[in-house]
Amino acid sequence: MASLLNVLIVEDSPDDAAIMVSELERSGFELQWQRVDTEGPYRAALNEAVDVILSDYTLPQFSQERALALLQESGADIPFIVVSGTIGEERAVACLKAGATDYVLKDRLRRLGPAVQRALDEHRERVRRRAAETQLRVVQEQFARAQRMESIGALAGGVAHDLNNVLAPILLTCELLKMEAHDPDHQRLIATIKSSAERGAELVRQVLSFARGAEGRRLYMEPHHLVREIVNIACQTFPKSIHVRARIPNDIWTLAGDPTQIHQVLLNLCVNARDAMPRGGDLTLTVENVPAAAAAPLAAGAAHAGPYVVIKVQDSGEGIPPGILDKIFEPFFTTKPEGKGTGLGLATSLAIVKNHGGAITVQSEPGRGATFAVWLPAQTGEEPMAPAPLDRHLPRGHGELIMVVDDEAFVRAITKQTLEAYGYSVLTAPNGVDALSVYAQSQHDLDLVFTDMMMPLMDGASLMLALRQINPQVRIIAVSGLTTPDHQREAMDAGATLFLPKPFAIEHLLNTLAETLRRN
């Protein structure tokens, strides 16, 4: 039984109310109770903590039907027991149908204690069941969201593969055109095309980093360079009614991570800030060093224990309502009108920052703007895993025979043309089946196989396994537009000597080729 029972008694007779209280205390309940007999005090009592309502059927200025109706209108789930000396069987059944929990006759009040206990037990069971149903709905929503994210991941992978197949020949063509073009204006146009293709490749990697968990590069970053670039973009593209400012001390620590991904995070936050200020306002970016001791309680949820660089994006816009503040990082959640936002910007930003060992915190009040703080681990000694510098004196071939296997005709053609321009001899095949036939005829002359991973009839992994059966020493470069760690491991497990992600610049292609040929 409850240790303290809050009882609301709807009864015009103080003596009858006292008898009910006495009976409940005899049954072992410890009570806190009040008696009302009119509608006004009853309405006020419903706003207080009430565990059970005991109501007479008929009162001079009130009634059980009205009391029950008011309870139902309030939406409160409180057991309602009719206690009457005049109610008959037919009226009692009508009360139960109307929503009353039980009824007890005044001349049989020994039933009151068990009736109240049963009503309380049923109420607790309803509360437990509702909580379970709520949790089930949450789990079902999370499962549906996970399925949707899995579908998006699969779609993103397919789109990335196709886009990278489009971008790869553009990058190689740019290099070939630069060899032929001597006009400075033509050189500038080629450089613009190459830069746009490289930016497109970076965007594809960003999509994969969100949808499939692809990891970015880990390089040294100077935060002030990133922030100033974002400020320049905002000043050039945001409405003039938005005043953009930056506060960056001179002694900011270095970061380690993928500059393009962090650039995306900051740009997402600035675009959200712009949208929160439709009538203009102030957008301020600040950077500060936070020592380990000060960062510990602030960067909750971060994987890094140590000093941080914190980049804050502050706006003077409408602010974020408290009711949705804990939902803003959920995938697909957005307050923007249809067609104005996908609901993936903040989710993507949080995923990127967490992959860098950091966290994002937010402070906001309606009408007072919002401040997003990006916490990134400061670089304090460990050398980042940066790619080895490329040899700008591009290595040339000396007639080595390369077989290029790719189902995209344009990719095959431009790769063949590029390699021949740098001194290699090239055979081609459109799929794994044809490649095995070519290899069988020319295996003693072939120096290296250059194969895509995703092809019809026989994919790259199957081709490499078959080639290893024929010649365990064959050199193979696997290439793919899918560049996640899982795809790279798949290629290496199937027998690749090296893996080269699409799209690749000519220096990556030639250096990877030269390194592979040097291997026994």
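Over every Cα atom in segment 215-292, the radius of gyration and the widest Cα-Cα span, Dmax, amount to 13.4, 39 Å. Taking all protein chains in place and a 1.4 Å probe, what share, in percent, of the accessible surface of the chain do carbon and sulfur account for? C and S atoms contribute 52 percent here.
Taking a sphere under 14 Å around the Cβ of residue 119 and counting the other residues whose Cβ falls inside, with K and R at +1 and D and E at -1, yields a net charge of -2.
Quote the charge dipole size of the chain about the Cα centre in Debye, to the nearest 20; the model charges only the Cβ of Lys and Arg (+1) and of Asp and Glu (-1).
Numbers: 49 positive and 64 negative charges, 144 e Å.
For this selection, approximately 700 debye.
For the chain, the extents of the C-alpha atoms along the principal axes are 112, 56, 42 Å, listed from largest to smallest. The length gained on full extension between residue 142 and residue 72, counted as 0.36 nm times the residue separation minus their Cα-Cα distance, comes to 22.0 nm. Report the paramagnetic label zone for residue 32: residues of segment 60-76 whose backbone N is under 20 Å from a point 7 Å from Cα along the Cα-to-Cβ axis. The answer is 76, whose backbone nitrogens lie closer than 20 Å to the label point. Over 26 Å apart at the Cα level, from the set 178/416; 327/502; 327/354; 240/312, are 327/502. Among 129-140, 498-509, the peptide with the highest mean count of other Cβ atoms within 10 Å heads the list, and the full ranking is 498-509, 129-140. Averaging the sequence gap over all C-alpha pairs within less than 8 Å and six or more residues apart, then dividing by the number of residues, gives segment 404-520 a relative contact order of 21 percent. Using R0 = 25 Å, the C-beta based FRET efficiency linking residue 183 and residue 421 works out to 0.80. Note that segment 393-520 shows a convex hull volume over its alpha carbon atoms of 96 Å³ per residue. The label point for residue 393 and the one for residue 489, both projected 7 Å from the Cα toward the Cβ, are 4.0 nm apart. Paramagnetic label reach from residue 191 (point 7 Å along Cα→Cβ; backbone nitrogen cut-off under 18 Å): within segment 470-510, residues 506-507. Taking every alpha-carbon pair under 8 Å whose residues sit at least 6 apart, the chain reaches a relative contact order of 10 percent. Accessible surface computed residue by residue for the chain, with neighbouring protein chains in place and a 1.4 Å probe, gives 51 Å² per residue. Taking a point 7 Å from the Cα of residue 19 along the Cα-to-Cβ direction, the residues of segment 38-59 with backbone N closer than 18 Å to it are 54-59.
Taking amide H as placed 1.01 Å from N in the peptide plane, residue 500 has its amide H under 5 Å from the amide H of 478, 479, 480, each at least 5 places away in sequence or on another chain.
How high is the relative contact order of segment 6-102, in percent, with contacts defined as C-alpha pairs under 8 Å that are six or more residues apart?
Working: 123 pairs, mean separation 27.1, N = 97.
Taking the mean separation of contacting Cα pairs over the length of segment 6-102, I get 28 percent.
The values are calculated or read from the model by the stated rules, or taken from the named source; none is laboratory data. The model shown is predicted, which means the values in this text are computed figures rather than measured ones. Every residue, glycine as well, gets a Cβ built from its backbone with ideal geometry; the counts of neighbours run over all protein chains shown. Please note that ligands, DNA and RNA were not included when accessible areas were found on the heavy atoms of the full protein model with its side chains. Shrake-Rupley method; radii C 1.70, N 1.55, O 1.52, S 1.80 Å.
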